[in-house]
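The values are calculated or read from the model by the stated rules, or taken from the named source; none is laboratory data. Since this is a predicted model, take the numbers as computed values, not measurements.
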Amino acid sequence: MMTAWVLTSVTSHSPPSTARRCRPKGHSSSTTDSSSRNANASYHTLTTRCQEHGKTSIHHRLDDNEGRFTEWVLHRLSRAVVKFAEQFSTPVIAFEDISGIREEINYGTYMNRRLYKLLFNKFEKFVSYKATWREVPTDTVDAYDNSQTCSCCGEHGYRHQ
């Protein structure tokens, strides 16, 4: 019996998405939501303008709105990951150990702000508790060399640089 791995990934270009090893027919290759990226950009612009003009009460309200919206997106995506994993006979949801990613990368002000706003740990906790509730095991794997190994066939390749 083959175990189906559902690998979750959080990148600086999108909210948490899923990379799937054994994808059923008619299933898309990832679950993303570009509206959260647009919402975060607009929240940042509004917050910056409020700070420039000393409007702290509006700034706090916008901060609360952004937090609630982000949690809503994370709940929706974590539910989709667990629902996808349940389709297999022996599912396992694996997370990459990406501790220290924020300290290792410096892309400049704009990209660093987007990277620091990604809630890696919160997404992992949401998926873990929903998976535990549905009796789907979770695991953490080492992030070393994962981007060079094909998730479908296991072939080792190199990215063009």
Could you list, in sequence order, all residues of the range 126-161 that are assigned to a helix (DSSP H, G or I) and at pLDDT 90 or above? 126, 127, 128, 129, 130, 131, 132, 133
Helices (runs of 4 or more DSSP H) contained entirely in the range 49-120, each with at least 1 residues that are modelled with pLDDT under 75 and under 28 Å from residue 143 (Cα atoms): 101-104, 109-117
